[in-house]
Each structure stands twice: as structure tokens, then as C-alpha cells.
Amino acid sequence: MELQERLEKNCIRVRGGKALHGSVKPDGAKNSALIQLAALALVENNFVTLRNVPPITDVDDSIKMLEEVGFHVKKHEDEVTVTGALQSTSFSSEYGSKIRASLAFLGSVISRKGEIKLPLPGGDKIGPRPIDIHIAILNTFGVKTVVEDDFLYCKADLPLKGASAVLRYPSVLATVNGILLGVLAEGRTELYNVAKEPEIVDLTNLLSKMGADIRGVGTDRIVIHGVKVLKSTYHEVMPDRLEAAALIMALVASGGSGTIEQTIPEHNTPLLNLLKHTGVTHKIEGDKIHIIKSECFRGFHAEARPYPALATDIQPLIAPLALKCPGISKIVDTVHHERFSHVDELKKIGAEVDRIDNAAYINGNRTLNSGTVAGHDIRSVVSLINAALIYDEEILIYGLEHLNRGHKHFIDKLNRLGADIEMI
Ligand code: EPU
């Protein structure tokens, strides 16, 4: 059995202290693929093929959701083709309650059928994740909403009418819902204070190929002119900027050097600037990021905020950098204030960390000991693995089922770069 196939039931032993070297490429972006699959509930008697879809369990759950409401989905390697049309608007809790991106089915299904029954979403346990901004956008489009017994019920008269909405906060998935509601709505939709994440741009690239008329993406204001018909198309999901960041940080944590290939370097500008500040040198060449030297000589202050700032999903990945940098580093998360379960685990094996409000202060002058830790969400597992790469110790890590939700081949990739990680 392949190492990766056994991850769900096992824990791994990381023997760190070995500098990683070589070239590696990230898979397709999880958060792009998930919102695009949800958007494909807009398909009606045509087809859409997505390529570069990552082989992760969150994708499997999204595909199951499409099948639950009547679509035919064909998956071959990294290619997923969706055909058919919505036969039902009612989702069971089996798949939709496991992932947060299930929320994006609100926009596509309501646009087509004017109703939905959707389980309240799941996803990473990284503090409170309310859905009030989604409800506010739905209401702006005239959609009535009720939450009952862990399901969200929505109803609207079709055709939807274009609307104007100002988001209270630039929520990623609420922006997705605003876009999906506007694509087929009659007339003009204007969305203000929207998210500008690359995953939103990638979604609208797909929708534009399908015939949607969407402008202003990547700025604070998106304008959509509703269309009547969407057409068949092909689309390649963008490379995962978060897996690229995870691989960069693995090279850096291990004290190694190497190249992240087939990525979009600009998506990781805030991380690369932070690394430069601490002393890590890199070079960008086309779609490659070369990490040249991983010696850190300066602590830092980093703050996660909505794109184009440092991503909250990357915030846990920089704790290993703080462990390597001399002095006290301060890491703040303004998006998910409680996303620090990884530092509580690192403390169990010797890290010196103070938590105050939405900040962690990490003392880089301490080393970690051998021991056992557990990740509680995708990014915290990656953070723990990368931290374990720093030290010449044996560290056992549980929680790998979370890793499979976001990065199927992460461990294999690290081992190919020279890491010593094995199942036990
Ligand atoms: N928020 C509200 N009300 C809402 C929606 C959001 O208060 O109705 C708050 C959240 O509690 C959070 C902030 O707004 O404090 C930002 O949340 P956002 O809605 O932007 O997050 P999301 O759309 O639910 C996506 C990603 C997350 C990523 C966040 C922030 C997907 C499937 N998930 O979630 O990814 O952390 O954006 O960038 O796209 C991950 O991949 O590890 C992950 C958790």
C-alpha cells in the first residue's frame, strides 16, 4: 500500500535535521477546485471539464454533492467532467456537512432552481465561522432563509433580479455566492467590499469561459451583467498557492534549498517578503521560486489579513520559521483569531510560546524535544511536520486525516526531497 493511502489511520514519525534539496510542484488548488465544483451546479444540459483537480477528500465530497442532486460526474486522474442538470435541490448531511465549501452550492443551486436544502457546513475547526454574510447576500437577492435542525432552507422567486450588496467583511465564500447569484440574475449586480483572493479570480475565469459577464474581479467592486445561457467549456484549476507555501516552508525549516515549480510566484509575495526580511534568500524565474539559502538571522512580526496580504491559511505555516529565527517573533491572525492549535501542540514538545488575544509570541531561542503531537486541521498538521524537520529528534504526528483533506502527496513530496518521514 502506498504511504499516502495509509495516512488516514496512522501517525507518522519525522526524523528531522536533514536539509531538503530538489525540485517539487504543488497540485491544483484545493480552494479553487472546491468552489468551481460547486459552481458547476449551474451546468444545464452541457458540460464542463476541470483539469488539475487535486486528489483530495474534500474534492471527493464535493463530487458526491453534485451527484446527490443529479449530475453525472466522470473523474479520470486530475480531470473531472460534469454533465446533466439539477434534478433535486436537497442535499443530505453526509457530504455537505464535512466541508465549508459546500456553502458555495447556495449561489449556484438557487440561481437555477430558486430553492435549496443544504446542511450547515463543516470544514476546519479554526474558531467561530458564522454564515451571517452569506445570509445577508441571499436576502439582498430576495432569497428567504431559515435554519432548522442543522439545515439551511432557502427559497426565492425566479428569475432572480440583479442586486447591489456591500459585504460587511470580504468573506471569500460569501463573495463566491454573490457572484454565483448574479451570473444568471436579470440585469446588473454590484458587489462591494468583496474578497480579492486568487481563488475568486480563478472562479470568474471559469465562469467567463462559460459565458458569464463579470468585471472588476481582483478589486473591491465586482459588476455582473446577468446572462441567460451558459455554455460548455474546459478549465485548468490554478496551482495551489497554499501547497506551494507549505513546500517553501518545508525547504526553509529543514535548512535546505530547492525549487517550487509550476506555481504562480506572485500569489506568495507576502510570504517571500517575510522570508527575505528574516534572511532567507530566494529568486523568482518565470513560474519557479528558487529558495537559495535558508539561514534565518532575524525574528519578525507577521500579520495575516485578507489577500493581497499574508493569508490566514499560511499563518500556521510560519510558526516553524519563528522557531528558527533568533529572538521573539510575533504572529497575528486578524482573520481567524483562534487559529493557533499548532502552537499549543508545539508547546507540548518544548516550544516557548505566549498567546495573547489573536497573537502568538514564539521564542526562537528554544529547541524542540522528541515527543508526540496532533494536528487538528489541514494547516496545523503541515505546520507540525515542517517544525519537526528542523530538529535532529524523532517527533510523532497524529491527525493525518486532516492532511488528506488538503494535500494528498505532501509526505511523498517531502521524502523525495530527502526528508525521513515514515508511517508507524
Ligand atoms: N465570517 C463571518 N461571517 C460570515 C462569513 C465569514 O463573520 O458569514 C468571518 C469568518 O468567521 C472569518 C472571516 O470572516 O473570521 C473570513 O472568513 P471567510 O468567509 O473569508 O472564510 P471562508 O470563505 O469560509 C475560505 C477558505 C478558508 C480560508 C478563508 C479565509 C475555502 C473552502 N475556505 O473560507 O480555507 O481560511 O477563506 O481566507 O475556500 C483552508 O484552506 O485551510 C481554509 C480554512
In segment 258-281, what count of residues is obtained for those that are closer than 19 Å to residue 387 by Cβ and open to solvent by 10 Å² or more (accessible area, probe 1.4 Å)? 3
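Scan 113, 125 and give me the residue that is open to solvent by 10 Å² or more (accessible area, probe 1.4 Å), touching a residue at least 40 places away in the same chain (Cβ under 8 Å) and within 17 Å of residue 40 (Cα to Cα). Write out each step before concluding.
On the way: 125 fails: within 17 Å of residue 40 (Cα to Cα).
The match here is 113.
Quick check: is even one residue across segment 239-246 more than 18 Å from residue 38 (Cβ to Cβ) and open to solvent by 30 Å² or more (accessible area, probe 1.4 Å)? Quick ask: steps written out before the conclusion?
Let us first name the residues in segment 239-246 that are more than 18 Å from residue 38 (Cβ to Cβ), namely 239, 241-246.
Of the ones still in play, those that are also open to solvent by 30 Å² or more (accessible area, probe 1.4 Å) are none.
No, every residue in segment 239-246 fails to be more than 18 Å from residue 38 (Cβ to Cβ) and open to solvent by 30 Å² or more (accessible area, probe 1.4 Å).
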Has segment 346-356 got at least one residue that is in a helix (DSSP H, G or I) and either over 25 Å from the mean Cα position of the chain (by Cα) or of a type in the set (Asp, Glu) (or both)? yes
Inside segment 286-297, can you point out the residues that are assigned to a loop (DSSP other than H, G, I, E, B) and either of a type in the set (Phe, Trp, Tyr) or modelled with pLDDT of 95 or more (or both)? 286, 287, 297
Please state which one of 310, 389, 321 is of a type in the set (A, V, I, L, M), in contact (Cβ under 8 Å) with a residue 40 or more places away in the chain and over 18 Å from residue 257 (Cα atoms). 310
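What residue, among those in segment 92-109 that are away from the ligand (no atom under 16 Å from the Cβ) and in contact with a helix residue (DSSP H, G or I) (Cβ under 9 Å, 6 or more places away or on another chain), is least open to solvent (accessible area, probe 1.4 Å)?
Initial filter on segment 92-109 (away from the ligand (no atom under 16 Å from the Cβ)): 92-94, 109.
Okay, now just the ones that are also in contact with a helix residue (DSSP H, G or I) (Cβ under 9 Å, 6 or more places away or on another chain), so 92, 94, 109.
Numbers: 92: 43, 94: 112, 109: 0 Å².
Step by step, filter segment 92-109, then rank; the result is 109.
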Within segment 132-185, which strands (runs of 3 or more DSSP E) (wholly inside it) include 3 or more residues that are over 22 Å from residue 212 (Cα atoms) and open to solvent by less than 70 Å² (accessible area, probe 1.4 Å)? 151-155
Of all residues in segment 282-332, count the ones that are within 11 Å of residue 252 (Cα to Cα) and open to solvent by 60 Å² or more (accessible area, probe 1.4 Å). 3
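Please count how many residues of segment 38-70 are open to solvent by less than 10 Å² (accessible area, probe 1.4 Å) and either within 14 Å of residue 112 (Cβ to Cβ) or in contact with a helix residue (DSSP H, G or I) (Cβ under 8 Å, 6 or more places away or on another chain) (or both).
Start the filter on segment 38-70 by keeping residues that are open to solvent by less than 10 Å² (accessible area, probe 1.4 Å), which leaves 38-43, 48-50, 53-54, 56, 58-59, 62, 65-66, 69.
Next cut, either within 14 Å of residue 112 (Cβ to Cβ) or in contact with a helix residue (DSSP H, G or I) (Cβ under 8 Å, 6 or more places away or on another chain) (or both) only: 38-43, 48, 50, 53-54, 56, 58-59, 62, 65-66, 69.
Residues that pass the stated criteria total 17.
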Quick check on segment 346-354. Is at least one of its residues in contact (Cβ under 8 Å) with a residue 24 or more places away in the chain, open to solvent by less than 30 Å² (accessible area, probe 1.4 Å) and either within 16 Å of the ligand (Cβ to nearest atom) or under 30 Å from residue 219 (Cβ atoms) (or both)? no
State yes or no: is residue 120 open to solvent by 20 Å² or more (accessible area, probe 1.4 Å), farther than 26 Å from residue 225 by Cβ and touching a Gly at 6+ places or on another chain (Cβ under 9 Å)? yes
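Tell me which residues, restricted to segment 186-200, are more than 9 Å from the ligand (Cβ to nearest atom) and either in a helix (DSSP H, G or I) or open to solvent by 20 Å² or more (accessible area, probe 1.4 Å) (or both). Quick ask: steps written out before the conclusion?
Of the residues in segment 186-200, the ones more than 9 Å from the ligand (Cβ to nearest atom) are 186-194, 196, 198, 200.
Within segment 186-200, 186, 187, 188, 190, 192, 193, 196, 198, 200 meet the criteria.
Being closer than 19 Å to residue 159 by Cα and open to solvent by 40 Å² or more (accessible area, probe 1.4 Å) is the filter here, so list the residues in segment 214-231 that pass it. Steps first, please.
Looking only at segment 214-231, we keep the residues that are closer than 19 Å to residue 159 by Cα, and these are 214, 223-231.
Passing the criteria: 225, 228, 229, 231.
The values are calculated or read from the model by the stated rules, or taken from the named source; none is laboratory data. This one's a predicted model, so the numbers in the text were calculated from it and none came from an experiment. Methodologically, a virtual Cβ is constructed for each residue, glycine included, from the backbone with ideal geometry; neighbour enumeration extends over all protein chains shown. All accessible areas refer to the heavy atoms of the entire protein, side chains included, with ligands and DNA or RNA removed. Shrake-Rupley method; radii C 1.70, N 1.55, O 1.52, S 1.80 Å.
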